[in-house]
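Visitor: Starting off with a structure, shown below.
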Amino acid sequence: MSPSNGNHDLFENLRLELRRGCLSLAVLSQLRTERYGYTLRKALAEQGLEIDEGTLYPLLRRLESQGLLTSVWREEEKRNKRFYRLSPEGKLMLKQLGAEWQRINSSLNGIL
Amino acid sequence: MELLDRYLQAIEFWLPKRQRQDIIAELSEDLRSQIEEKETELGRKLEDTEVEAILKRCGAPLEVASRYRPQQYLIGPTLFPIYRFVLAVLLIGCVVPRFLIWLAFLLADPAHRGYLHMENLWVTVLYFAFITTLAFAIVERSGVKLQALNTWNPRKLPPVRDPNRISRFGSLFEIGAAMVFNVWFAGIFWPRPAVDFYGLRITIAPVWQVFFWSFLFLAVANVAIAGVNLFRPYWTPRRAGLRLLFDGVGAGLFCGLLKAHLLVGISASSIPAAKAIELTNLINTWIARMLPWAIVTMLVILSFDVYRIMRLRCVHLHGGSIGPAVKDLSSPMVNGN
């Protein structure tokens, strides 16, 4: 492994680590309105946050099992789709996480 | 859509059973939407290579399925360092002595070079590895680990260890044991042409005198080192070097002793002369056969002595020490006595 490859791998690992927590917050914020997976991905991508299906769907399941999301299967355009939205606990969590994000963001802006 | 169905089927195999249908339905819907959107954009059906590109970007089936599973392990990150340490100690304890014995036989008696049976060795190694892994997997799944983690106390942790400090108890024990041994050794084995022992007359070769006085000198020298260690309880390069020298000379003498055929004859009124000669030869042969074991023991002792010197050199050169020990700055070892 060359040093540049090693550096690239390290950057990729740290980038993923940095993104992991942010994605939960982004997904929760987008599900204030009901969406299904594909449109949620597109909405996030339009705002500059690409997320692949292999990351999004397990994340949605985890958030649902934690009681932060509710989901329902419904037919739309002749296909069954699973629609997600924030649960009351999810709304509260989004508010708390949003405040925490602002705090961390302002601290980091000062540090960086 | 055949490629897509094959892809989903491959993922489905690795998914948790209860959620399998649900996950596949959702993933299928997403991938079909991607394909349809691309087809709308191009105004035609997608080629297989284009579908393949979408699926490849999504990830290998096993990788995709693994994201839906909780993280699983046989031995977790907390226990793993202990597991690796125990496994290493067991494997070294199993392999190294056998290798040293084989080496000793090879050096001392090449006729026994086949002593190391590799098949048996591998079975033993696998057996140890299996039992250790099983034991740790059981501990991982039982409540023992959590109990141990919750009941620890800083006061019960071992004291900070200085590998160059010599235990006073150890020095006292060494002096006491050496005095008792020397008195016994001198009383029984004092050089004389023959020894009477419970009706047996044992005749010893004259070369025994050389061994006797050499061993006695080494024993007294080691007591002297232990005496200095008692009052200056830190190893110094000079003392560690002397210990290596004495142990090396002792090892050489002991190996020479085993090969020297010291027993000249045994006689007793109740034993016929021919039987006595046969018995003498048998005893000399068995003593000589102890040589490989003696070499192994000596090699282990000398390795410890060499390691001690290397550790001291490391402290002197780099101000650090080999191993996890914390260097005690108060150690009076700079004035090498």
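The values are calculated or read from the model by the stated rules, or taken from the named source; none is laboratory data. Since the structure is predicted, the reported quantities are computational estimates derived from the model, not experimental observations. A quick note on method: Cβ atoms are made from the backbone with ideal geometry, for glycine too, and the neighbour counts reach across all protein chains shown.
Visitor: Would you be able to tell me the number of residues in the range B:157-215 that are within 30 Å of B:CYS314 (Cα to Cα) and not hydroxyl-bearing (Ser, Thr, Tyr)?
Guide: Total meeting the criteria: 17.
Yes/no per residue for (1) modelled with pLDDT under 90; (2) small (Gly, Ala, Ser):
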position	(1), (2)
B:ARG44	no, no
B:THR49	no, no
B:GLU52	no, no
B:ALA65	no, yes
B:PRO70	yes, no
B:ARG84	no, no
B:VAL89	no, no
B:LEU121	yes, no
B:GLU140	yes, no
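Visitor: Okay, moving on. Within the range A:92-102, track down each residue that is in contact (Cβ under 8 Å) with a residue 24 or more places away in the chain and out of contact with any strand residue (DSSP E or B) (no Cβ under 8 Å at 6 or more places or on another chain).
Guide: Filtering the range A:92-102 down to residues in contact (Cβ under 8 Å) with a residue 24 or more places away in the chain leaves A:93-94, A:97-98, A:101.
Of everything in the range A:92-102, those that are in contact (Cβ under 8 Å) with a residue 24 or more places away in the chain and out of contact with any strand residue (DSSP E or B) (no Cβ under 8 Å at 6 or more places or on another chain) turn out to be A:MET93, A:LEU97, A:GLY98, A:TRP101.
Visitor: Are any of the residues in the range B:184-201 out of contact with any Pro (no Cβ under 9 Å at 6 or more places or on another chain) and on the phi > 0 side of the Ramachandran plot?
Guide: Yes, the range B:184-201 contains at least one residue that is out of contact with any Pro (no Cβ under 9 Å at 6 or more places or on another chain) and on the phi > 0 side of the Ramachandran plot.
Visitor: All but one of (1) more than 10 Å from chain B (Cβ to nearest Cβ); (2) in a helix (DSSP H, G or I) hold for A:ILE51; which doesn't?
Guide: Of (1) more than 10 Å from chain B (Cβ to nearest Cβ); (2) in a helix (DSSP H, G or I), only one is false for A:ILE51: (2).
Visitor: Return the residues of the range B:15-74 that are at the interface with chain A (Cβ under 8 Å from one of its Cβ atoms) and either outside any helix (DSSP H, G or I) or over 15 Å from A:GLY37 (Cα atoms) (or both); say none if nothing qualifies.
Guide: Listed by number, the residues that qualify are B:GLN19, B:ARG57, B:GLY59, B:GLU63, B:VAL64, B:ARG67, B:TYR68.
Visitor: Also, I was wondering about something else. Looking at the range A:70-91, which of its residues are free of Cβ contacts under 8 Å to residues at least 40 places away in the same chain and either closer than 23 Å to B:ILE35 by Cα or not small (Gly, Ala, Ser) (or both)?
Guide: A:THR70, A:VAL72, A:TRP73, A:ARG74, A:GLU75, A:GLU77, A:LYS78, A:ARG79, A:ASN80, A:PRO88, A:GLU89
Visitor: Suppose the filter is without any contact (Cβ under 8 Å) to a residue 12 or more places away in the chain and part of a helix (DSSP H, G or I); does A:LEU60 pass it? Break it down stepwise before answering.
Guide: On the way: without any contact (Cβ under 8 Å) to a residue 12 or more places away in the chain: no; part of a helix (DSSP H, G or I): yes.
For A:LEU60, the condition - without any contact (Cβ under 8 Å) to a residue 12 or more places away in the chain and part of a helix (DSSP H, G or I) - is not met.
Visitor: Working carefully through the options B:THR280, B:THR297, find the one that is under 28 Å from the mean Cα position of the chain (by Cα) and without any contact (Cβ under 8 Å) to a residue 40 or more places away in the chain.
Guide: When all the criteria are applied, what remains is B:THR297.
Visitor: Considering only residues of the range A:60-79 that are facing chain B (nearest Cβ under 9 Å) and hydrophobic (A, V, I, L, M, F, W, C), which is surrounded by the most Cβ atoms within 10 Å (Cβ to Cβ)?
Guide: For the range A:60-79, the residue satisfying everything is A:LEU60.
Visitor: Given the criterion of a type in the set (A, V, I, L, M, F, W, C) and not in a helix (DSSP H, G or I), identify the matching residue among B:ILE202, B:ILE175, B:ILE188.
Guide: So the residue among B:ILE202, B:ILE175, B:ILE188 that is of a type in the set (A, V, I, L, M, F, W, C) and not in a helix (DSSP H, G or I) is B:ILE202.
Visitor: Counting just the residues of the range A:31-48 that are away from chain B (no Cβ under 13 Å) and touching a residue at least 24 places away in the same chain (Cβ under 8 Å), which one comes out farthest from B:ASP30 (Cα to Cα)?
Guide: A:ARG32
Visitor: From B:VAL228, B:VAL223, grab the single residue that is in contact with a helix residue (DSSP H, G or I) (Cβ under 8 Å, 6 or more places away or on another chain) and more than 22 Å from B:MET298 (Cα to Cα).
Guide: B:VAL228
Visitor: Can we say A:GLY48 is surrounded by fewer than 10 Cβ atoms within 10 Å (Cβ to Cβ) and either modelled with pLDDT of 90 or more or within 14 Å of A:CYS22 (Cβ to Cβ) (or both)?
Guide: yes
Visitor: A further question on this structure: Please name all residue pairs, on different chains or six or more residues apart, with Cβ atoms under 6 Å, provided the first residue is in the range B:127-138 and is in contact (Cβ under 8 Å) with a residue 40 or more places away in the chain and the second residue is of a type in the set (Ser, Thr, Tyr) and surrounded by 14 or more Cβ atoms within 10 Å (Cβ to Cβ).
Guide: The qualifying pairs are B:PHE136/B:TYR83.
Visitor: Of everything in the range A:80-102 that's within 14 Å of another protein chain (Cβ to nearest Cβ) and of a type in the set (Lys, Arg), which residue is surrounded by the fewest Cβ atoms within 10 Å (Cβ to Cβ)?
Guide: Filtering first and then ranking leaves A:ARG82.
Visitor: With the condition kept exactly as written, say whether any residue in the range B:136-151 is within 30 Å of B:ILE309 (Cα to Cα) and surrounded by fewer than 16 Cβ atoms within 10 Å (Cβ to Cβ).
Guide: no
Visitor: Determine which member of the set A:LEU28, A:LEU23 is among the aliphatic types (A, V, I, L, M), surrounded by 13 or more Cβ atoms within 10 Å (Cβ to Cβ), touching a strand residue (DSSP E or B) at 6+ places or on another chain (Cβ under 8 Å) and away from every other protein chain (no Cβ under 11 Å).
Guide: Exactly one residue qualifies, and that residue is A:LEU28.
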